[in-house]
1. Within segment 117-212, report the trypsin sites (Lys or Arg not before Pro) that DSSP leaves as loop and that have at most 11 other Cβ atoms within 10 Å.
2. Work out how much length Arg81 to Ser152 would gain on full extension: take 0.36 nm times their residue separation and subtract the Cα-Cα distance, in nm to one decimal.
3. Once both labels are modelled 7 Å past Cα along the beta-carbon direction, what's the Glu64-Leu95 spacing in nm?
4. In what sequence, highest mean first, do 11-20, 56-65 appear when ranked by Cβ atoms within 10 angstrom?
5. Using a 10 Å cut-off on Cβ atoms, rank the peptides 158-164, 217-223 from the highest mean neighbour count down.
6. Quick one: which of Lys10/Lys153; Lys28/Lys220; Lys10/Lys196; Lys76/Lys196; Lys125/Lys153; Lys115/Lys209 span more than 21 angstrom between C-alpha atoms?
7. Do any chymotrypsin sites (Phe, Trp or Tyr not before Pro) in segment 27-101 lie in a DSSP loop with no more than 15 other beta carbon atoms within 10 Å, and if so, which?
8. Length gain on complete extension for the stretch Ala7 to Asn113, per 0.36 nm per residue less the alpha carbon to alpha carbon distance?
Amino acid sequence: MNLNLRAFYKNYDLELIPAALSTLTLGKCVWDGGWFDKPSFDHEGMPNYIYNIFVEKNIISDDECEAQLSRLQTLKNVEARFATINIEFELEDALELEIAKQIDMNANFDLKNVKSFTISGAVGKSIPNRDRINIDRMLDQVKDKHWDEYKSKLRRAYLITELYYGKVEITIDSDLAIQFEAALPGNQLSAANKFKLGTNMTYVFESSKVPFAMRLERIKHFNS
């Protein structure tokens, strides 16, 4: 089954992640940009990760914070419920996703020459239920004892609770294959599967370490 990117995000209520944000981790706080602005990953007063505010309020220690974040970072990906869907997107979406950075392509190949961009074989990971319960319990402590700070720092913020990864497929005119491959580092080219069909050449890049989508949950409504 194929879906264009806009239909995919509408159906699954996920947010696009540019490749420059490849280090995002579950538990990251994101600021609500309001009606006219996109969510921001940095905001004055907002903690970087939800566990940071719990350290600040002496609910957990620095070591416990580091342990929790490390565990979330090392969670294994599992097949996403939309794993069989191929997500097709336009050039403007490829630029927003920073596909060139995702596959380490240099500027010698113009993405305007690409016939199609697709993400397939989606996998993902989410904050486990036990962690959701613990976060909710600690948020209650912050609300009870530090309401003003909760209201100003956390209430409008969001939390990354799911991250999704997939294979990037790029199809070009086969006559441009030499130029395209010259723009790729050797390790990406050797890792890519490629196949020719008619006058088209398609390259498939494994990019399981670079998320393309995330689910944001408003902290105000978290676990409610």
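1. Loop-located and lightly packed - Lys209.
2. 22.0 nm
3. Output for this residue pair reads 4.8 nm.
4. Packing order, densest peptide first, comes out as 11-20, 56-65.
5. Highest to lowest by the protection proxy: 158-164, 217-223.
6. Going by Cα-Cα distance, Lys10/Lys153; Lys10/Lys196; Lys76/Lys196; Lys125/Lys153; Lys115/Lys209 fall outside the 21 Å limit.
7. Here the chymotrypsin sites (Phe, Trp or Tyr not before Pro) that fit, given the DSSP loop and packing criteria, are Trp35, Phe36, Phe41.
8. Gain in length upon complete extension: 35.8 nm.
The values are calculated or read from the model by the stated rules, or taken from the named source; none is laboratory data. Bear in mind that the values here come from a model prediction, so they are computed numbers and not experimental data. Cβ atoms come from the backbone with ideal geometry, glycine included; neighbour counts cover every protein chain shown. Remember, those area values only see protein heavy atoms, side chains included, never the ligands or the DNA or RNA. Shrake-Rupley method; radii C 1.70, N 1.55, O 1.52, S 1.80 Å.
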